[in-house]
1. Among residues other than Ala272 whose Cβ falls under 15 Å from its Cβ, what is the net charge (Lys/Arg +1, Asp/Glu -1)?
2. I want the local charge near Asp153. Using Cβ-Cβ distances under 15 Å, sum +1 for each Lys or Arg and -1 for each Asp or Glu among the other residues.
3. Among the lysines, which fall within straight-line cross-link reach of Lys172, defined as a Cα-Cα distance under 27 Å, with same-chain neighbours fewer than 8 residues apart omitted?
4. Amide H of Glu57: which non-local residues (sequence gap of 5 or more, or other chain) have their own amide H closer than 5 Å, using H built in the peptide plane?
5. Once phi is turned into ³J(HN,Hα) by the Karplus curve 6.51 cos²θ - 1.76 cosθ + 1.60 with θ = phi - 60°, what whole-Hz value does each residue of the range 268-284 show in order, with x for glycine and proline?
6. Calculate the dipole size of the chain relative to its Cα centre from +1 charges on Lys and Arg beta carbons and -1 charges on Asp and Glu beta carbons; express the result in debye to the nearest 20.
7. Set the Förster radius R0 to 30 Å, insert the Cβ-Cβ distance between Ala78 and Ala98 as r into 1/(1 + (r/R0)^6), and round the FRET efficiency to 0.05.
8. Can you give the helix-only mean residue ellipticity at 222 nm for the chain, where every DSSP H stretch with n ≥ 4 adds -39500 (n - 2.57) and the sum goes over all residues, rounded to the nearest 500 deg cm²/dmol?
Amino acid sequence: MNGKVVVITGGNSGIGKETAVGLAQRGARVVIAVRNQAKGAAALAEIRARSGSDTVEMASLDLASFASVRACAQSLLAAHDRIDVLVNNAGIITRKRAVTDDGHETQFQVNHLSHFLFTALLRDQIVKSAPARIVNVASGAHNSARKGLDFDDLESERRYQMAGFGPYGRTKLMNILFTRELARGLDGTGVTANALHPGFVSSNFAREGDTGPLGNIAMVLGRPFALTPAKGAQTSIYLASSPEVEGVSGQYFYKSALAKESASAQDDEAAARLWQISELLTTP
């Protein structure tokens, strides 16, 4: 990874931070794109200390704001003449339905739309840097969306069930469908795109959202069975750096190996339709 530039969204905590440490240790120049600048500064110091690398930077990115996404992409393109790896890692889960200033349901925008836009804005630079990789952190929670996406209710206006876990699972399905269509469009460019399930990880993920007391209790009870963030980050690190997956694209991984996604996640027609809608919703 020496000399390669890696951008990681949500790199200030959990598996994002561990991914940053692992790739910085391998010689990459890592940029963590974070919303909270104070937490980001603390994470930056920790990543540099643990990795032994001073080539770790921070960029400001609020995925709940398309304006912030565009500003972050612009600053990255101005600061770096190449982007070798993009890790779309950040995510959120919220107990109550909320809407961003852009008018979209928060999980839909943060977990999918803004990463779709961020990737589109950086795409040309990534292609110029080929061979390059895009890694999308999805989740096994996509299996909860058994019937696939309801394209008449992508904003979860009619259904906001399971204290937000229902909409969360649907956004994780979107991550995989986005990856499939992205990989198809990148065919022949030297850029690969893959999605992954990090496993059930003990982190601040749910607590940094708003899952309410039940979500907090579930995380506490499940912690003895959970992976550490460092172990949860291994598949992200593998897809970003391993020569074993050079040229592999459009796939879904778990524990650094090919995994079986749900039938809904293999729906190429749904992937193409989601892409078209996402383009419309992120176009100024």
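1. -3
2. +1
3. Lys17, Lys39, Lys96, Lys147, Lys231, Lys255, Lys260
4. Val30, Val31, Ile32
5. 5, 5, 5, 4, 5, 5, 4, 4, 4, 5, 5, 4, 4, 6, 9, 7, x
6. Computed charge dipole of the chain: roughly 780 debye.
7. 0.40
8. Value at 222 nm, helices only, nearest 500: -13000 deg cm²/dmol.
Throughout, read-outs are computed from the coordinates displayed, never taken from laboratory work. Predicted, not measured: the structure shown is a model, and the values here were computed from it. A quick note on method: Cβ atoms are made from the backbone with ideal geometry, for glycine too, and the neighbour counts reach across all protein chains shown.
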